[in-house]
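First the structure, in the form of structure tokens, and then the observations on it.
Coordinate-derived values only; no laboratory data. All figures in this text were calculated on a predicted structure; none of them were measured in a lab. When we count neighbours, we look across all protein chains shown, and the Cβ atoms used for this are built from the backbone with ideal geometry, even at glycine.
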Amino acid sequence: MSTKKRLHDKAKESQQKLKELEGHASGAAKNWETVVNEYCSTVEEQASIGEEKFFFDMKDYNQATITKVSMALKERLGDVLVVVSPRGIEANWEVHD
């Protein structure tokens, strides 16, 4: 095998690995449903102690996970205001009379 062909194959193999890693990083975390369940439980707990909003820090999750979790929260929490930012998600159930 020529050096040129060997280096070409090596580069292609590395490119393939990078694409796979990017795919994993850009997809939602496998435990996103668990995150949604935990968040909903935390919202209930916060309401029971008198809070009217809660910020869930998601700095350890990628944007795909934050988006997927926020969409599920909007569905499950109904008319609760769900505010999404790159750092996390806030649920606000404050009612102004």
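Here's the list of aspartates and glutamates a cross-link from Lys68 could span, going by alpha-carbon distance under 19 Å and ignoring same-chain residues fewer than 8 apart: Glu22, Glu33, Glu38, Asp57, Asp60, Asp79, Glu90.
Placing +1 on the Cβ of every Lys and Arg and -1 on the Cβ of every Asp and Glu, with nothing else charged, gives the chain a dipole about its Cα centre of roughly 1400 debye. Which of Gln63, Gln16, Gln46 moves the most in a Gaussian network model of the chain with Cα springs under 10 Å? Of Gln63, Gln16, Gln46, the Gaussian network model singles out Gln16 as fluctuating most.
Pairs of Cα atoms nearer than 8 Å and 6+ residues apart set the relative contact order; for the chain it is 26 percent. Here is what passes the span test in the chain: the DSSP H helices with alpha carbon length of 18 Å or more along the helix axis and a Kyte-Doolittle mean of -1.0 or above are 32-48, 63-77.
Counting only residues at least eight positions apart within a chain, or on another chain, the lysines with an alpha carbon under 26 Å from that of Lys5 are Lys17, Lys19.
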